[in-house]
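Step one of this worksheet: look at the structure below.
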Amino acid sequence: MLVLRLVLEAANSLRSASKSIAITQCAYEQKQFEAPSHATVQNLVLRIGLYELQRPKEVADDWIWVVDHTIQIGTVKILLVLGIRAQTFGQLQRPLECRDMCVLELLPVKQSNGEIVKEQLQRVAERTGVPHAIVSDDGSDLRKGIELLRKDHAKVVPLQDIVHKVSRLNKAILEEDPQWPSYRTQCTQTANAIRQSELAHLRPPTPKTKARHMNLDPEIRWGLGVLDLLRRARAGELDAKQTAELPLELLEQKFGWLEQYSRSLAAWGSLMEVGQTICRVVRREGYHRKISAGVSAAIARPLDEPSTRLLDRSLAFLGKTEIDIPEGKKLLGSSEVIESLIGKGKRLEGHQSKSGFTSQILAMAASVGHPTGEMIQAALECCRIKHVKAWCATYLGTSVQSRRRRDLGPVKDKKLRKADIAATPNF
């Protein structure tokens, strides 16, 4: 139980969890058992994950599914399906967490489209019952698969993750503003110009390469923050140390260009704030018959033109969504729990996450639910390492790293390897 919690909850590595047990016992002089090796810890996590994935789940008609795809290097794509009963979700008085969910499917596939996703979802429905609702990020494969499933099961309610929806609306509004691309270009140029200077701590944040439209807030906050720094420097409001380290002439030279974007940055900041408020309300309340009214009441007026557009488009989306929700019901409005679990899975995989999927993806399944003593005992009795290996052989095949070693062979020339580093300092 302790070693599992260190890995799955405290974000310890496998070796760190093993050493932590040994150090704790040594510190308290209570060596009751041998600390498990990192390999034993890994095997334990994988067996728990396989058990959670394969154990029978309740058959019911009020499941809320959260579905998403995750990809790495190579051709394999993982379909992950999490579930929570609607009655359980309705009783929660806090944000949804991984421990609230069940893993209904964790399926590696080499090809995916709407028809394949529909077949995958249908197989899950045969095991647990047709879901009441399905939440997704509205990716093309998932959207098509859910649409095809609804042709056979019309009562399934399709729901879009509110964060992805608002982010797409933000993206569309910003792309209509001619100043936005030029602002981002100048941010990149400024970052390169001051990277090796005394102003390196004021460097603009690096734009995200993945889901860029979901990570715009840091770039906007940076511009607003530096504009405020310029204002304080011009007004003589910096302290003596700041004045010495941040000469006004240098600040003007490197950041004076931001003045032409001052009004736009204020509007973009308001846009981000409205978007965050919409997401916060839906995260807290979920989707229900009066969610659009709740969002409208939470946002202060008056708004500028871009923020008004975002609010109007969001309310139109929420109005269409709430029509399909039964009176008195609350359904999940965010898929962030599945994104959190995928992120945790990549952390547990460590550097392997850059080399394609390995057996460590089962650690994602081990990260949900409550690891009680009874559950751990049942998992270890049901799932052996041979079962983990059989599952990997069936669904993962030969890993990217294994094929690389097979085709390139071991590195024989020691000159190509890193120099050995001394295990202890040389004094």
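The values are calculated or read from the model by the stated rules, or taken from the named source; none is laboratory data. Just so you know, these numbers come straight off a predicted model, no measurement behind them. We place every Cβ from the backbone using ideal geometry, glycine too, and count neighbours over all the protein chains shown. Note: areas computed on protein heavy atoms with side chains; ligands, DNA, RNA excluded. Shrake-Rupley method; radii C 1.70, N 1.55, O 1.52, S 1.80 Å.
Could you list, in sequence order, all residues of segment 70-90 that are under 26 Å from Arg5 (Cα atoms) and of a type outside the set (A, V, I, L, M)?
Looking only at segment 70-90, we keep the residues that are under 26 Å from Arg5 (Cα atoms), and these are 70, 78-85, 88-89.
Within segment 70-90, Thr70, Gly83, Arg85, Thr88, Phe89 qualify.
One residue stands out among those in segment 41-59 that are surrounded by 14 or more Cβ atoms within 10 Å (Cβ to Cβ) and β-branched (Val, Ile, Thr): the one that is modelled with the lowest pLDDT, which is Val41. Of the residues Pro218, Pro204, the single one that is modelled with pLDDT under 95, more than 30 Å from Gln111 (Cα to Cα) and part of a helix (DSSP H, G or I) is Pro218. Just one of the listed residues (Val59, Val3) is closer than 25 Å to Leu380 by Cα and assigned to a loop (DSSP other than H, G, I, E, B), namely Val59.
Scanning segment 91-117 for residues that are surrounded by 20 or more Cβ atoms within 10 Å (Cβ to Cβ) and in a helix (DSSP H, G or I) yields one hit, Val117.
Considering only segment 378-398, state which residues are among the polar types (S, T, N, Q) and under 15 Å from Gln54 (Cα atoms). I'd like the intermediate steps shown before the answer.
First, pick out the residues of segment 378-398 that are among the polar types (S, T, N, Q): 394, 398.
Result: Thr394, single match.
Once segment 147-165 is narrowed to residues that are over 22 Å from Leu96 (Cα atoms) and either touching a residue at least 60 places away in the same chain (Cβ under 8 Å) or not aliphatic (A, V, I, L, M) (or both), the residue that is surrounded by the fewest Cβ atoms within 10 Å (Cβ to Cβ) is Lys151. Here Thr88 clears all of (1) of a type in the set (Val, Ile, Thr); (2) open to solvent by 40 Å² or more (accessible area, probe 1.4 Å); (3) not in a helix (DSSP H, G or I) except the condition numbered (3). Could you please let me know if Gly328 is under 22 Å from Pro131 (Cα atoms), outside any helix (DSSP H, G or I) and open to solvent by less than 10 Å² (accessible area, probe 1.4 Å)? For Gly328, the condition - under 22 Å from Pro131 (Cα atoms), outside any helix (DSSP H, G or I) and open to solvent by less than 10 Å² (accessible area, probe 1.4 Å) - is not met.
Evaluation of Glu349 against the conditions (1) free of Cβ contacts under 8 Å to residues at least 40 places away in the same chain; (2) surrounded by fewer than 20 Cβ atoms within 10 Å (Cβ to Cβ); (3) under 30 Å from Leu50 (Cβ atoms) shows that the sole unmet condition is (2). Counting only helices (runs of 4 or more DSSP H) that fall entirely inside segment 229-308 and contain at least 3 residues that are touching a Gly at 6+ places or on another chain (Cβ under 7 Å) and hydrophobic (A, V, I, L, M, F, W, C), the qualifying elements are 262-285.
Filter segment 166-190 down to residues that are of a type in the set (A, V, I, L, M) and either touching a strand residue (DSSP E or B) at 6+ places or on another chain (Cβ under 7 Å) or open to solvent by 10 Å² or more (accessible area, probe 1.4 Å) (or both), then give me how many there are. Outline the logic, then answer.
From segment 166-190, those of a type in the set (A, V, I, L, M) are 166, 169, 172-174; that's our starting set.
Now restrict to residues that are either touching a strand residue (DSSP E or B) at 6+ places or on another chain (Cβ under 7 Å) or open to solvent by 10 Å² or more (accessible area, probe 1.4 Å) (or both): 169, 172.
Total satisfying the criteria: 2.
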